[in-house]
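Below is one structure, written out as structure tokens, with a few remarks after it.
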Amino acid sequence: MSTGLNEALLQRAQELLPWLTEVRRDFHRYPEFGMEEFRTQEKISAYLNELGIPHEKVAGTGIVGIIEGAHPGGVVGLRGDMDALPIFEENAVEYRSQIAGRMHACGHDAHMTCLLGAARLLVAQKHQLSGSVKLFFQPAEETVGGALPMIREGVLDNPRVDAVFGLHVSPELAVGSIAVKYGQMNAASDDVHIVVRGENGHGAYPHNGRDAIVIAAHVITALQTIVSRNVDPRDSAVLSLGMISGGTASNVIASEVKLTGTIRTLDKKVRTMVKERVREVAELAARSLGGAAEVVFEEGYTSLINDSAMVDLVKQCGEQLLGTDKVKVNELPSLGVEDFAFFAEHVPSAFYHLGVRNEQAGLVYPVHHPRFDLDERSLMIGAAMQACNAMTFLQKQAAQRQAK
């Protein structure tokens, strides 16, 4: 897209800001957990009906819509996640959560709004589009992961999607800026569940039992050597145990202790090795003290790896819309996870960060914090960016076909 067209796109997005703000605040007032986004789904469906965008419900509470351009061409996907977190909001704003213990503390209300804004911008440009844009409103990013169920139900097919773009708000970045990352952006995740077993006994006669609490303590200590002594220091891995429970009374030797934690890795081989070592260390440490350990892994999200050509495209749109000084290129990946990774596994994709920080307004709290909020000017930027990404990709596809 030319600089002039991008300026017009950003101007149009700015005109939409009052509407975008209203949409985002409505989503924010009524947050819903993963796979429970029924009201959210109905609201999105209503907005798409107003825009004349055909759509269908998928993966329970998800939605996929399609904007068909006036000319044949490629197919690009834009994704926005829908679910909220189990957090009591502490912000004293008129649009605060109306559902106790639920809050859009990760910005998914903004992600949906940006996608709807991009849809409005793209519908207005249908006569210029060579190809189609699929809109993925995805449930359950925070919990079970809605991307994979959507993909299994065929959202990337009929017509086949050539690329997908997604964004995430970042309270570390000032509003008016974006950040991109080439290659690996997010880690893979696995939950680990360990049951340490001993033998009951009277607390006054510990020699007659096998203390599962003591055994579990040794298992925990031994597990901490995996990252420090088995993972190459040039690689990255995290093993964190976040839950421990066991015992029945102060004077009873516990027969069972349960440990639950998370593993984060960036490399597939490291992921396999760490899981193997967790099992070995837990089982052998427990056995050495006369107990036993049972280890079960619950596979989470895969690593998010961006396609370099798609990142180039996002960077180009960001520089044209916002200026070269407003586009940051991150060097290091995050050990956090993101189920956009499953889209990126199937088609060339790019996931990037949208700045929402405003220190003067006190909008500085991190995501997943009860006081997280964002500068709503970011909504027009996110909408313009996603529309630009889609239009630029389709234009490049059309140019490549003409050159053949």
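Candidates ALA254, ALA217, ALA237: the one that is open to solvent by less than 70 Å² (accessible area, probe 1.4 Å), over 30 Å from MET385 (Cα atoms), free of Cβ contacts under 8 Å to residues at least 60 places away in the same chain and out of contact with any strand residue (DSSP E or B) (no Cβ under 7 Å at 6 or more places or on another chain) is ALA217.
Output the number of residues of the stretch 151-169 satisfying the condition of being open to solvent by less than 10 Å² (accessible area, probe 1.4 Å) and either of a type in the set (S, T, N, Q) or under 18 Å from ILE67 (Cα atoms) (or both). Can you show your working first?
Filtering the stretch 151-169 for residues open to solvent by less than 10 Å² (accessible area, probe 1.4 Å) gives 155-156, 161, 163-167, 169.
Then drop every residue that is not either of a type in the set (S, T, N, Q) or under 18 Å from ILE67 (Cα atoms) (or both), which leaves 155-156, 161, 163-166.
Counting residues in the stretch 151-169 that are open to solvent by less than 10 Å² (accessible area, probe 1.4 Å) and either of a type in the set (S, T, N, Q) or under 18 Å from ILE67 (Cα atoms) (or both) gives 7.
Can VAL76 be described as β-branched (Val, Ile, Thr) and under 27 Å from LEU374 (Cα atoms)? Taking the combined requirement at face value, the residue does not satisfy it.
Looking across the stretch 311-320 at every residue that is touching a residue at least 12 places away in the same chain (Cβ under 8 Å) and open to solvent by 20 Å² or more (accessible area, probe 1.4 Å), the one that is nearest to the chain's Cα centre (by Cα) is identified as LYS315.
Counting the residues of the stretch 61-78 that are farther than 14 Å from ARG160 by Cα and open to solvent by 40 Å² or more (accessible area, probe 1.4 Å) gives 2.
For the stretch 137-156, the criterion of being hydrophobic (A, V, I, L, M, F, W, C), in a strand (DSSP E or B), under 16 Å from VAL314 (Cα atoms) and in contact (Cβ under 8 Å) with a residue 24 or more places away in the chain is met by no residue.
Can you tell me which residues in the stretch 79-114 are aliphatic (A, V, I, L, M) and either crowded, with 22+ Cβ neighbours inside 10 Å or in contact with a Lys or Arg (Cβ under 9 Å, 6 or more places away or on another chain) (or both)? Before the answer, list the steps.
Here is the first cut: in the stretch 79-114, the ones aliphatic (A, V, I, L, M) are 82, 84-85, 87, 92-93, 99-100, 103, 105, 110, 112.
Within the stretch 79-114, MET82, ALA84, LEU85, ILE87, VAL93, ILE99, MET103, ALA105, ALA110, MET112 meet the criteria.
The values are calculated or read from the model by the stated rules, or taken from the named source; none is laboratory data. Since this is a predicted model, take the numbers as computed values, not measurements. All Cβ positions, glycine included, derive from the backbone under ideal geometry; neighbour counts span all protein chains shown. Ligands, DNA and RNA are excluded from the accessible area calculation, which covers all protein heavy atoms including side chains. Shrake-Rupley method; radii C 1.70, N 1.55, O 1.52, S 1.80 Å.
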